[in-house]
Number of protein chains: 4
Amino acid sequence: MKIPRAENNVSQEIIGERVSLLNSMGVDLSHTTHYSIDPQTTTGNIENFIGVAQVPVGLAGPLLINGECARGEFLVPLATTEGALVASYSRGMKAITESGGCSTYIRSDFFTRVGAFSLPNVSAAVALARWCEEHTHEIAQEVEATTQHGHFQQMFTHVVGTRLYVEFRITTGDAMGSNMCSNAAEMACRWIEREALDTNGTYLWLIAEDKKLVGRSMTNGKGKSVVAEALIMESVLERVLHTHAEDTIKTFESTDEWWTIFGAHGHNSHVANGLVALYIACGQDAAYVAESCSGHLRISLQPNRGIHVAISLPCMIVGTVGGGCGLPTQRECLRVLGCEGEGNARKFAEVAAATALAGELSVMAAVAAGEFVRAHNQLGRNRPA
Amino acid sequence: MKIPRAENNVSQEIIGERVSLLNSMGVDLSHTTHYSIDPQTTTGNIENFIGVAQVPVGLAGPLLINGECARGEFLVPLATTEGALVASYSRGMKAITESGGCSTYIRSDFFTRVGAFSLPNVSAAVALARWCEEHTHEIAQEVEATTQHGHFQQMFTHVVGTRLYVEFRITTGDAMGSNMCSNAAEMACRWIEREALDTNGTYLWLIAEDKKLVGRSMTNGKGKSVVAEALIMESVLERVLHTHAEDTIKTFESTDEWWTIFGAHGHNSHVANGLVALYIACGQDAAYVAESCSGHLRISLQPNRGIHVAISLPCMIVGTVGGGCGLPTQRECLRVLGCEGEGNARKFAEVAAATALAGELSVMAAVAAGEFVRAHNQLGRNRPA
Amino acid sequence: MKIPRAENNVSQEIIGERVSLLNSMGVDLSHTTHYSIDPQTTTGNIENFIGVAQVPVGLAGPLLINGECARGEFLVPLATTEGALVASYSRGMKAITESGGCSTYIRSDFFTRVGAFSLPNVSAAVALARWCEEHTHEIAQEVEATTQHGHFQQMFTHVVGTRLYVEFRITTGDAMGSNMCSNAAEMACRWIEREALDTNGTYLWLIAEDKKLVGRSMTNGKGKSVVAEALIMESVLERVLHTHAEDTIKTFESTDEWWTIFGAHGHNSHVANGLVALYIACGQDAAYVAESCSGHLRISLQPNRGIHVAISLPCMIVGTVGGGCGLPTQRECLRVLGCEGEGNARKFAEVAAATALAGELSVMAAVAAGEFVRAHNQLGRNRPA
Amino acid sequence: MKIPRAENNVSQEIIGERVSLLNSMGVDLSHTTHYSIDPQTTTGNIENFIGVAQVPVGLAGPLLINGECARGEFLVPLATTEGALVASYSRGMKAITESGGCSTYIRSDFFTRVGAFSLPNVSAAVALARWCEEHTHEIAQEVEATTQHGHFQQMFTHVVGTRLYVEFRITTGDAMGSNMCSNAAEMACRWIEREALDTNGTYLWLIAEDKKLVGRSMTNGKGKSVVAEALIMESVLERVLHTHAEDTIKTFESTDEWWTIFGAHGHNSHVANGLVALYIACGQDAAYVAESCSGHLRISLQPNRGIHVAISLPCMIVGTVGGGCGLPTQRECLRVLGCEGEGNARKFAEVAAATALAGELSVMAAVAAGEFVRAHNQLGRNRPA
């Protein structure tokens, strides 16, 4: 068994051969091969193309955001197969919007790359670390030589055993920036290798640090570090979410306690849910949800007014140019948010954080109201509703 | 601004109204509205349907698996927009297959749910915990009363402050099982409430514990706990992966060190990458990647033979019935794997673990060969290749 | 430079030689060499004896405990050099005692040991794991063959890469039990090696797992898992702790939040403080504080009554026989608590948990009252007060 | 029952009353009350003094250190009741010394304090954070106004929910510095309160952040961040440690793997052991071992030469002035190390790291040689040896 491949690996002919192979194994692909996109446009996004996954997109909102970059009412496209997800997020958005909207802030913005160097001993590793610190200016120049959009922000050195890890923080404009950042860090590490290493030291490689939860990123940030908040009035809690401030607080407190006891890495209910649906719809790299979903929900009582909900998401990895952003349906969904292309990455990050906030609010309220299990039973079943 | 809704919220008419609303805002949705699936069939999977995200699917493999459930050569459909991902996983699969395939094992299999009870004090919480332990048999019966497919496996009690957390382990057959498990646990907790609580105690709710990395699950398991391994011969390392055993080991060791130092929760390179692509293609709940991607890669030298690679994935949350499994393209992709429907959840879990193994091997080898940055530059750009 | 040693390494003569060596280097040891203990009795506790550290012991309390094992008023000896520590703990004890005392419970009780086995591959490791599970009964017998006091409780198997880790839970009576448990686990592993391994497998060793914080222990328990609670009346909060229920709650909430955000492993204020002072005074192995100090403080408002404080300490490692328990001052301090010798380990664990609770209460209240910095300035300075 | 107290709470009379109380309860304190220290000198270190814990001190070494601050051969006093500890550390020191000694480096040096501010919402918290960043210079001046020895190093702001956490990094000279740092941070926070807060915002308090393991400190440092390394020759491994390079490497690799799998916070064997013994002997605050013991051991093969061992200890909290440093036996032990008083904190930190390195080496080698269980059986029993 061999997957048919050709030099032009996205021609109709070679795609057809792959599909035929699967057909010959008894698998009908009539849905997967039903698409409007031009396979030629997928060359930077996929290899061995056979068709598309049609992931249902639902519209949540409107969501009123009074952010620094995102301002106004947003309809949020979410691609998911989990029944109740869109309804739940939409419900949370309604509560936020009817309470006057949410505010969003970006607290830091940088991508990271770490280069590893092998030295004969700690002594040499410490010496190289100090050399790098003294040559930060030149290293910054090397980083910026490779890219128009990326800018050097900061550098850290870590000595462990006989290795030195040099950590770069680089801004990446509106691109998510992993490749841009890899190229820039690689160039800087090669420069360090040429300028500072004798035959006893070696530049090893860039560390594969992405797409997993990392303690250092959780407390130091990575990508966009975003905060979102809303004040939800008691009347809205009752009418839209069928619960009360006191009950929601109690739910939050016991859930937060459980997160502590069981060792949850990230004190939030289901940020991954909304983010992965938004990422799939909008051409983001969905695997970064493993990092982006980290974050901390806070709910506090506002006597006589309702509740204050806030979420801090320290490691949100998003972009509005490059990656999957240019694919047809993905570009359409970015347009629904007014977030297509240059100048919109921070706006998109704020929309994502506001969406996460809505989802947290909705689940906490549903649990408080005793509706959580019921909602999933009603909406999450594969029968016409 | 208001999203049009109707009682039959998946009629062509109401879908059209939603699309018209977006069109009137200047957003063309001609790709998103191009789909073959019948919106009526999405009612358990999405609300406020407007169309589909067309996520490119590429074919990786063949991947030879000598598992306990998955046996034979598999072609693995991966839905992603990240260039190089399919190529990289396919390369790892080739190395595994040419080395004689990988083995896979399922070490444990249960879903979890935790019910929270509020008591006046620790004393009452301890008393209730002990009562529950004495009535495990009856509680098990309550759990199983709600479901044909779910079976009670074990129960744990945790006293924290004035709350008792009762943790259930329930097997869920071929369904991912979150709803099944919620219903069963809810029923059991209601029974405990009726039988054991006086007016001073309250059953609060089920904890929203899913879709985030939790320390307890990482060391105790959740969903399928799967292990996969392969012995990669030196000749295959050279021919397919352009590297050598020693270099791969060195790469692994320094990367593993970095994971330790920076506090990575899960010592693996990019398991989230392959899993989220497989989950999107095959109708899994992609948000569970936040948990499923946890796991530990191990690579060891096999003198004169090559390297041994293994991965342990303690919390893989998958299913082959329910959820998004029945949607058209998703069902087709499950069929590509021979994993559609009943009897296949464990097989699918083994395929997923084998896929993760291939991806880890490929990235580690690429880094070792100095090809990592280059591969992303070649394949991960939006130009015809 | 060489440390004088002799066959009888605790004779006055050889001790004198060591002291002379230090004297010859210009160091006067007139205090260190002033002791009442008989060096001969230290042979199981120290090597190369030169004298003693005189660590000041202060008396805290009385502390009223209504525990399952510890019952009555306790005066608690604490050995420390940190000014304000005894005063602060004593203050917390006073508040507890005047509120009617605290309750304490032991939720689980076992020591752990993990044996590592090397196998040629995962397949063999899984096979050995299953073999062990089938032979649990015989393995339990081997564990218990080495010891009168230790009892087999449970066994877990963990397959990682080509290694199998067999984890034993063993009760250890009134001894802390690390050596007892090591011997028992070693014996069981040797039996597995003989019975189940061919030439391709090897029993490696017992893992050095003690004296560091381990995620698995934090959620599964190790040593004594103890819970303590008290209801502190508003009047006592005011009179003894100079604060109010609302302020204490607010302090706890923001501190608990900070523990989450900064990634504290264990949500408590300074459990290590009281435990290490108690451990030093009472002949416990102070290095186990690295594990024992893990735990979670909870404070909740009791409307019209005051506050409820509780602490869960999942990994408290203590004993009342063996180790340093038999040394003279240490035995005296154990006697102060009525915890000397057999039958008292669980009682001692409850006293320790109650002590930790008092310390947490006192610090939280001090912070709430704005007295924290002031108290340390007054008591923590090296001038006569 | 009431602990006798008096205005002069360290007079012989009041101490005698406390002792009499315990005597009247049937507890003989003839050893605890046998001491050479003048109770009057303990007033900054203890309250309700009743006597001393006599903790046996053993001498380990000599340990050859080629550090930046610590240079030469050191005899290391360790106070412990765990049999085999001094022997084991001494053995590791011998191996290091016979291999030419170890090198030590201090990579960073600062204490931290975090002030919490309550604001009406995230918006106000972000505004205050930005205000603080703009006024860093003035804040630094406020920090330094309270202390001759402390210097402002850096400031970070963290917005979470409606709270702002301002984190200070302050150097503390040769003092451990917690009180110095508390005073400085308190002063700076009060200044921020006066200058930047209106009636809607409040400065709450300093967070009780010490004496527990915190993720942020583990990757960012706290106190002295120290690295130590040694190259151990194969001949020394054989003669002194009864093992070989390959076996030691294998032991390290499987132990390091276990630390990963079970979620150890800090990949080291028993750093807490040596540190707590050194801290008790030398008047350090032993509760800081809960933080100081965090760190990562690395062992790598040096073909044809032996092994390279290194340890990174990111959060070592020590000082040579203040606290318990001035007490009689403690001062004597500091003198044994040539570390008494001003100018010696960094030297002491290097000695501590070198000691930790020796302990790790010794245990790893003992496990590799199969001697671990046997050594504890021989030395860790309460019978004359």
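The values are calculated or read from the model by the stated rules, or taken from the named source; none is laboratory data. Not measured: the values here are computed from a predicted model. All Cβ positions, glycine included, derive from the backbone under ideal geometry; neighbour counts span all protein chains shown.
D:Thr243 meets all of the listed conditions (1) hydroxyl-bearing (Ser, Thr, Tyr); (2) in contact with a Leu (Cβ under 9 Å, 6 or more places away or on another chain); (3) buried (at least 24 other Cβ atoms within 10 Å of the Cβ) but one, namely (3).
Restricting attention to region B:50-74, the residues that are within 10 Å of chain A (Cβ to nearest Cβ) and surrounded by fewer than 24 Cβ atoms within 10 Å (Cβ to Cβ) total 4. Could we say that C:Val236 is more than 9 Å from every other protein chain (Cβ to nearest Cβ), in a helix (DSSP H, G or I) and either in contact with a helix residue (DSSP H, G or I) (Cβ under 7 Å, 6 or more places away or on another chain) or under 30 Å from C:Tyr165 (Cβ atoms) (or both) here? Yes: the conditions hold for C:Val236.
For C:Gly215, are the conditions met, namely being in contact with a Gly (Cβ under 8 Å, 6 or more places away or on another chain) and at the interface with chain D (Cβ under 10 Å from one of its Cβ atoms)? So C:Gly215 fits the description; yes.
Considering (1) under 19 Å from the mean Cα position of the chain (by Cα); (2) more than 9 Å from every other protein chain (Cβ to nearest Cβ); (3) surrounded by fewer than 20 Cβ atoms within 10 Å (Cβ to Cβ), the lone condition that D:Gln12 does not fulfil carries the number (1). Would you tally the residues in region C:88-146 being of a type in the set (Lys, Arg) and either modelled with pLDDT under 95 or more than 26 Å from C:Gly221 (Cα to Cα) (or both)? Number satisfying all stated conditions: 2.
Against the test of being of a type in the set (Asp, Glu), closer than 22 Å to A:Tyr89 by Cβ and assigned to a helix (DSSP H, G or I), the options B:Glu17, B:Glu13 yield a single qualifying residue, B:Glu17. Considering only residues that are surrounded by fewer than 23 Cβ atoms within 10 Å (Cβ to Cβ) and under 27 Å from D:Val226 (Cα atoms), look in region A:167-191 and name the one that is farthest from the other protein chains (Cβ to nearest Cβ). That would be A:Arg169. Counting the residues of region D:105-138 that are in contact (Cβ under 8 Å) with a residue 12 or more places away in the chain and at the interface with another protein chain (Cβ under 9 Å from one of its Cβ atoms) gives 11. Taken together, the residues in region A:89-122 that are over 30 Å from A:Thr248 (Cα atoms) and of a type in the set (Asp, Glu) amount to 1. Tell me yes or no: at least one residue of region A:292-309 is within 7 Å of chain B (Cβ to nearest Cβ), assigned to a helix (DSSP H, G or I), on the phi < 0 side of the Ramachandran plot and buried (at least 24 other Cβ atoms within 10 Å of the Cβ). No, that holds for no residue. If you take the residues in region C:218-233 that are more than 17 Å from the chain's Cα centre (by Cα) and more than 10 Å from every other protein chain (Cβ to nearest Cβ), which one is surrounded by the fewest Cβ atoms within 10 Å (Cβ to Cβ)? Here the answer is C:Met233. From the residues in region A:192-212 that are touching a residue at least 24 places away in the same chain (Cβ under 8 Å) and at the interface with another protein chain (Cβ under 9 Å from one of its Cβ atoms), which one is surrounded by the fewest Cβ atoms within 10 Å (Cβ to Cβ)? Of everything passing the filter in region A:192-212, A:Leu206 is surrounded by the fewest Cβ atoms within 10 Å (Cβ to Cβ).
Number of residues in region D:239-266 that are in a helix (DSSP H, G or I) and either β-branched (Val, Ile, Thr) or within 14 Å of chain C (Cβ to nearest Cβ) (or both) equals 17. Consider region C:310-347 and keep the residues that are assigned to a loop (DSSP other than H, G, I, E, B) and either surrounded by fewer than 21 Cβ atoms within 10 Å (Cβ to Cβ) or of a type in the set (Lys, Arg) (or both). The one that is nearest to the other protein chains (Cβ to nearest Cβ) is C:Gly338. Annotation: of all residues in region C:15-41 being at the interface with chain D (Cβ under 7 Å from one of its Cβ atoms) and charged (D, E, K, R), the one that is surrounded by the fewest Cβ atoms within 10 Å (Cβ to Cβ) is C:Asp28. Restricting the search to region C:186-217, which residues are over 20 Å from the mean Cα position of the chain (by Cα), hydrophobic (A, V, I, L, M, F, W, C) and not in a helix (DSSP H, G or I)? Hits for region C:186-217 are C:Leu197, C:Leu204, C:Trp205, C:Leu206.
Residue check: is B:Gly44 at the interface with chain A (Cβ under 7 Å from one of its Cβ atoms) and out of contact with any Cys (no Cβ under 7 Å at 6 or more places or on another chain)? Here the answer is yes, as B:Gly44 does meet what is asked.
Per-residue answers, yes or no, for (1) under 19 Å from the mean Cα position of the chain (by Cα); (2) at pLDDT below 95; (3) not basic (Lys, Arg):
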{"site": "D:Leu334", "(1), (2), (3)": "yes, no, yes"}
{"site": "D:Leu337", "(1), (2), (3)": "yes, no, yes"}
{"site": "D:Glu340", "(1), (2), (3)": "yes, no, yes"}
{"site": "D:Ala356", "(1), (2), (3)": "yes, no, yes"}
{"site": "D:Ser362", "(1), (2), (3)": "no, no, yes"}
{"site": "D:Ala365", "(1), (2), (3)": "no, no, yes"}
{"site": "D:Gly370", "(1), (2), (3)": "no, yes, yes"}
{"site": "D:Ala375", "(1), (2), (3)": "no, yes, yes"}
